[in-house]
Amino acid sequence: MTLVHLSHTDIRIDSRILKELKAIAGIEGYECVAIGVSSKERTPPAKEFVEARIVSIPLYSRFFRILPRVVRHGLSLVELTFVLVYHCLLLKPKLVHCHDTVVLPAGILIKIFTGCKLVYDAHELESQKSGQSRFSSRATFRLETLCWSRVDTIISVSESIIDWYIEHFGPKKHILVLNSPEVGEAEDHQDSSFDTGRYFHEKYHIQDDEKIFVYLGILAPGRGIELCLEAFSDSAIRGHVVFIGYGALAELIEEYSLQHGNIHLHPPVPHDQVVNLVKSADCGLCLVENVSLSDYYCLPNKLFEYCFAGLSVLASNFPEISKLVDRYSLGMTCELDPEKIRESVVRFIEEPPGHIQADLSELSWKVQAERLMQGYGELLSSATVS
C-alpha cells in the first residue's frame, strides 16, 4: 500500500516536506512516494536521509516563453495536475497528502478515482498570502471552498490559520505541525566549521564585546529587511547584523554592507546546518511585516531555528509570534518601523537577555512528528474500516 505526497515545489530542497516524509516513511506496511517539480533552486540541498521514493517531474510548459505569462502559468497548472493524477492512478494510494492549494485539484481527482484519504497541508493561509493578485486570492479561496468537503484532514503551521480555515469553510479534523527544525537527529552531518561559537566574529572580524544579530531566510520584501538595514545603518549602534540567504534584496544588502561595516551578507546554507550556524550570534531577527493575513498569523521557520540555537529573538508583535515569545521568554517583540527597531536593538545591546533557558521540548520536531504520525494513524485506521 502507498502513501503519496504531492507538491508544486522541488521536494528535494523543501525542508518541511522532507521532514514530514521522514516522520511517516516508517509506517509499517506502507511505501511512501513524494512527487514534486524539478527546479534549479539556488538553495543548497540538505543532507537528508529519507526512506521515501522522491520523484521530480519537469514541467515542459514552463519553457513556452513565447506565450504570455498568464497563459504559460495556466498551462503549467494543467500539465502538473495531469501528470500528478497519472502517476497516482498507477500507484493507487491509500492516502494522498497535498502540499498547498496548487496540487489540491489533483488530490481531489485522485480521491474520486481511487477513494483514498485526502490531507490538505496549507503551509500558509493560502488565499491571504502576500504577493498574490486580487484575482489569485479569490480564485484560491473559491478553489478551497469547492474542495473542502472532500478533504479529510487539514494541516497547518499555526493555530490562528487553522481557526481561520474552520471559521470560513466549516469543521474539519486538523493537525497543528509547527515549522520546528530537526535538532539532534542529524548531528553527525553537521558542519564542524560552525562549532567554534565565534564563527561570525572570525569571518567578519567582529570584536568580542559587539553583539551579533542574525537574519535567516529569503531576502525579499515584506520580511523587515529594509527596516533592519535602515536601523543598523545608524552609526550609534554598536552591533552587527548578518543576513543569511538569497533573494531579490541581496544586492541591496550588499550595497549597504559596502557603506556600513556592521552589515554583512552571508551565502545560504543547507537548512539542516542553520541552527548550528546561528549559535555564533546573540539575537535572531524575525521581523515579518503585516503585508497579509497569512503573515500576521505566521510562525516562521526562522523563529524556531533561532530558539533551538539558544538565541533570544527580536520579533514582530503579531498574535502567534507574541504568544510564543511570551510563553517561553524568547526575547522581545516590537512594532515595525525603523525607529522602534533601532530602539529595541539598542535595548538588547545594553540589557542583553542572554540565551533561552526555557524547556522547548514541546516545540521540537520530535513532538510535531509524533502529532503527524498520530493523525496518519487515525486516517489510515478509518480507511481500513471503510
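Scan the range 152-165 and tell me whether some residue there is part of a helix (DSSP H, G or I), of a type in the set (V, I, T) and more than 24 Å from the chain's Cα centre (by Cα). No, the range 152-165 has no match at all.
Would you say E254 is touching a strand residue (DSSP E or B) at 6+ places or on another chain (Cβ under 7 Å) and either of a type outside the set (D, E) or farther than 18 Å from E202 by Cβ (or both)? Criteria met by E254. Return yes when T101 is modelled with pLDDT of 90 or more and β-branched (V, I, T) and no when it is not. Here the answer is yes, as T101 does meet what is asked. Residue check: I321 meets all listed conditions (1) of a type in the set (V, I, T); (2) open to solvent by 20 Å² or more (accessible area, probe 1.4 Å); (3) assigned to a helix (DSSP H, G or I) but one, namely (2).
Within the range 113-135, which residues are charged (D, E, K, R) and open to solvent by 10 Å² or more (accessible area, probe 1.4 Å)?
Going residue by residue through the range 113-135, those that are charged (D, E, K, R) are 117, 121, 124, 126, 129, 134.
Scanning the range 113-135 gives K117, E124, K129, R134.
Looking at this structure, is L379 assigned to a loop (DSSP other than H, G, I, E, B), touching a Leu at 6+ places or on another chain (Cβ under 7 Å) and touching a residue at least 60 places away in the same chain (Cβ under 8 Å)? It is false that L379 is assigned to a loop (DSSP other than H, G, I, E, B), touching a Leu at 6+ places or on another chain (Cβ under 7 Å) and touching a residue at least 60 places away in the same chain (Cβ under 8 Å). Scan the range 220-229 and give yes if some residue there is under 23 Å from Q128 (Cα atoms), basic (K, R) and at pLDDT 90 or above, otherwise no. Yes: one or more hits.
So, R142, is that one open to solvent by 90 Å² or more (accessible area, probe 1.4 Å) and part of a helix (DSSP H, G or I) or not?
Working: open to solvent by 90 Å² or more (accessible area, probe 1.4 Å): yes; part of a helix (DSSP H, G or I): yes.
Yes: the conditions hold for R142.
Among the residues of the range 230-251, those identified as under 21 Å from Q207 (Cβ atoms) and open to solvent by less than 20 Å² (accessible area, probe 1.4 Å) are A231, F232, I237, G239, H240, V241, V242, F243, I244.
Being crowded, with 20+ Cβ neighbours inside 10 Å and under 17 Å from the mean Cα position of the chain (by Cα): is that true of Y306 here? Spell out the reasoning first.
Working: crowded, with 20+ Cβ neighbours inside 10 Å: yes; under 17 Å from the mean Cα position of the chain (by Cα): yes.
In short, yes.
When the range 326-361 is limited to residues that are of a type in the set (A, V, I, L, M) and farther than 14 Å from L314 by Cβ, the one that is surrounded by the fewest Cβ atoms within 10 Å (Cβ to Cβ) turns out to be A358.
For the range 340-359, enumerate the residues that are part of a helix (DSSP H, G or I) and touching a residue at least 60 places away in the same chain (Cβ under 8 Å).
Quick first cut of the range 340-359, residues part of a helix (DSSP H, G or I) only: 340-350.
Correct list: I341, R342, V345, V346, F348, I349.
Taking E305, is it over 18 Å from R347 (Cα atoms), free of Cβ contacts under 8 Å to residues at least 40 places away in the same chain and among the charged types (D, E, K, R)? Judged against the criteria, E305 is not a match.
To keep it simple, each residue is scored yes or no on (1) under 29 Å from S361 (Cβ atoms); (2) at pLDDT 95 or above.
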site: I161; (1), (2): yes, yes
site: W164; (1), (2): yes, yes
site: H168; (1), (2): no, yes
site: G184; (1), (2): yes, no
site: S192; (1), (2): yes, no
site: E202; (1), (2): no, no
site: G217; (1), (2): yes, no
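I'd like the residue in the range 323-349 that is among the polar types (S, T, N, Q) and more than 22 Å from the chain's Cα centre (by Cα) and, out of all such residues, is nearest to A231 (Cα to Cα).
Ranking the candidates gives S344 first.
Among the residues of the range 324-339, count how many are within 15 Å of F304 (Cβ to Cβ), part of a helix (DSSP H, G or I) and touching a helix residue (DSSP H, G or I) at 6+ places or on another chain (Cβ under 9 Å). Within the range 324-339, residues that are within 15 Å of F304 (Cβ to Cβ), part of a helix (DSSP H, G or I) and touching a helix residue (DSSP H, G or I) at 6+ places or on another chain (Cβ under 9 Å) number 3. Scanning the range 266-295 for residues that are of a type in the set (A, V, I, L, M) and crowded, with 21+ Cβ neighbours inside 10 Å turns up V274, V275, L277, V278, A281, L285, L287, V288.
Considering only residues in the range 200-212 that are within 15 Å of V241 (Cβ to Cβ) and part of a helix (DSSP H, G or I), the one that is least open to solvent (accessible area, probe 1.4 Å) turns out to be F200.
The values are calculated or read from the model by the stated rules, or taken from the named source; none is laboratory data. Note that the structure is predicted; figures quoted are calculated from it, not measured. Positions of Cβ are generated from backbone atoms using ideal geometry, with glycine treated the same way; all protein chains shown enter the neighbour counts. Quick note on the areas: whole protein, heavy atoms, side chains included, nothing else; ligands and nucleic acids left out. Shrake-Rupley method; radii C 1.70, N 1.55, O 1.52, S 1.80 Å.
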